[in-house]
């Protein structure tokens with residue numbers, strides 16, 4: 001009888017999750033209790049592909065005068081305080097790219113339960129290493145100098161970085177320079193340094209098959225191949241995507257950005273299935289991942 005009851009309970013829990021059980025259900029509360037960083041309802045393929053997640057959010061500007069070590073910036077942060085604090089992410093644009101070119105990353109992540117800071121770099125021509133340092137300075141600003149409404153929602157122990165092009169190269173530098181980061185997502189990254197074997201931060205690299213400015217064979221693929229020290233790593237190559245594709249919020253690219261951050265900043269196992277085993281998607285030319293996290 002006990003064995004039968006156990007099987008019935010297991011089936012009931014599985015059906016509840018499949019049906020989209022939220023945090024208010026017994027199964028959802030049990031998952032949340034096991035992971036204090038879990039935020040938001042049970043994710044679905046549709047929810048991670050949607051441009052807007054379950055959290056309403058606000059924004060505040062960081063002026064040139066108050067920014068130290070980076071240009072001006074915009075901070076996006078979830079409105080709620082009912083679910084505790086949220087992880088923080090700094091985002092950098094690429095060469096000659098304004099912050100608006102990657103604002104979609106900040107807005108999307110904020111709507112999925114992150115405090116994000118999207119920076120203008122000190123110069124449009126700043127090189128990748130400089131952009132990486134600026135992202136780290138932006139994270140320091142978040143944790144120590146941002147408005148009280150931001151800091152009361154931020155978990156300063158769970159921080160991450162993301163960036164496009166030279167900002168993607170800067171993302172690699174930031175992950176190397178600060179091993180305490182929880183995750184890194186370089187988008188169509190460019191950097192003259194090809195060996196990042198000293199990085200230990202979980203890193204997902206996204207590249208495009210039609211990228212003339214940062215060809216994957218010379219950049220993204222080499223970076224991924226060198227990440228032998230990373231606790232986890234993944235590489236997604238998007239079919240027919242060029243360098244500028246990553247300046248727009250697309251369902252597939254947005255899905256990977258959200259899923260990687262949720263999995264490694266929030267330690268949310270519910271997002272494993274979007275990353276491992278390799279997803280079957282006609283828009284992917286190639287997908288590689290270390291995968292033991294599943």
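Read-outs throughout are calculated quantities, based only on the coordinates presented, and are distinct from any laboratory measurement. These figures come from a predicted structure and were not determined experimentally. Positions of Cβ are generated from backbone atoms using ideal geometry, with glycine treated the same way; all protein chains shown enter the neighbour counts.
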Practice problem: Compute the semi-axes of the equivalent ellipsoid of the range 148-227, taking the square root of 5 times each eigenvalue of the Cα gyration tensor, and list them largest first in whole Å. | Solution: 25, 14, 9
Practice problem: Kindly state, to the nearest 0.05, the FRET efficiency for residue 61 paired with residue 193, given R0 = 41 Å and r defined as their beta-carbon distance. | Solution: 0.80
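Subtract the Cα-Cα distance of residue 35 and residue 152 from 0.36 nm times their separation in residues, and report this length gain in nm to one decimal.
Details: separation 117, 0.36 × 117 = 42.12 nm, distance 2.00 nm.
In short, 40.1 nm is gained.
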Quiz item: When 45, 221 are ordered from fewest to most other Cβ atoms inside 10 Å of their Cβ, what list results?
Solution: 45, 221
Self-check item: Ranked list, fewest to most other Cβ atoms within 10 Å of each Cβ, for 114, 274
Solution: 274, 114
Self-check item: Principal-axis tilt of helix 128-144 within the chain, Cα atoms, nearest 10 degrees
Solution: 60 degrees
Practice problem: Report the residues of the range 95-127 in range of a label on residue 244: point 7 Å along Cα→C-beta, backbone N strictly under 19 Å from it. | Solution: 95-105, 124-125
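Summing -39500 (n - 2.57) over the DSSP H runs of n ≥ 4 in the chain and dividing by its residue number, what mean residue ellipticity at 222 nm do you reach, to the nearest 500 deg cm²/dmol?
Values: 9 runs with 94 residues, N = 294.
-9500 deg cm²/dmol, from helical runs alone.
Taking 1 over the mean of 1/r across every pair of different Cα atoms in the range 53-208, what Kirkwood radius in Å do you get? Numbers along the way, then the final one.
Numbers: mean 1/r = 0.0671 Å⁻¹.
Answer for the range 53-208: a Kirkwood hydrodynamic radius of 14.9 Å.
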Quiz item: What per residue convex hull volume, in Å³, do the alpha-carbon atoms of the chain yield?
Solution: 118 Å³
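By average Cβ neighbour count within 10 Å, what is the ranking of 73-79, 142-148, 259-265 from highest down? All intermediate terms of the calculation are to be shown ahead of the outcome.
Numbers: 73-79: 23.1, 142-148: 15.0, 259-265: 26.9.
The most tightly packed comes first, giving 259-265, 73-79, 142-148.
Pairs of alpha-carbon atoms within less than 8 angstrom and 6+ residues apart define the contacts here; what relative contact order does the range 67-174 have, in percent?
Values: 244 pairs, mean separation 42.7, N = 108.
About 39 percent, as a whole number.
Give the relative contact order (percent, whole number) for the chain; include only Cα pairs under 8 Å separated by 6+ residues. Let's see the in-between values first.
Details: 671 pairs, mean separation 45.6, N = 294.
It comes to 15 percent, rounded to a whole number.
Using packing as a proxy for protection, rank 176-184, 82-90 so that the peptide with the highest average count of other Cβ atoms within 10 Å comes first.
On the way: 176-184: 20.6, 82-90: 22.4.
Sorting 176-184, 82-90 by mean packing, highest first, produces 82-90, 176-184.
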Quiz item: Sorting 291, 276 on the 10 Å Cβ count, fewest up front, what's the list?
Solution: 291, 276
Exercise. Could you tell me how many degrees, from 0 to 90 and to the nearest 10, lie between the Cα long axis of helix 2-18 and the main elongation axis, the longest principal axis, of the Cα atoms of the chain?
Key: 40 degrees
Self-check item: Quarter of Cα convex hull surface for the range 235-289, i.e. mean projection, nm²
Solution: 3.9 nm²
Quiz item: residue 145 label point, 7 Å along Cα→Cβ, cut-off 11 Å on backbone N: hits in the range 97-137?
Solution: 137
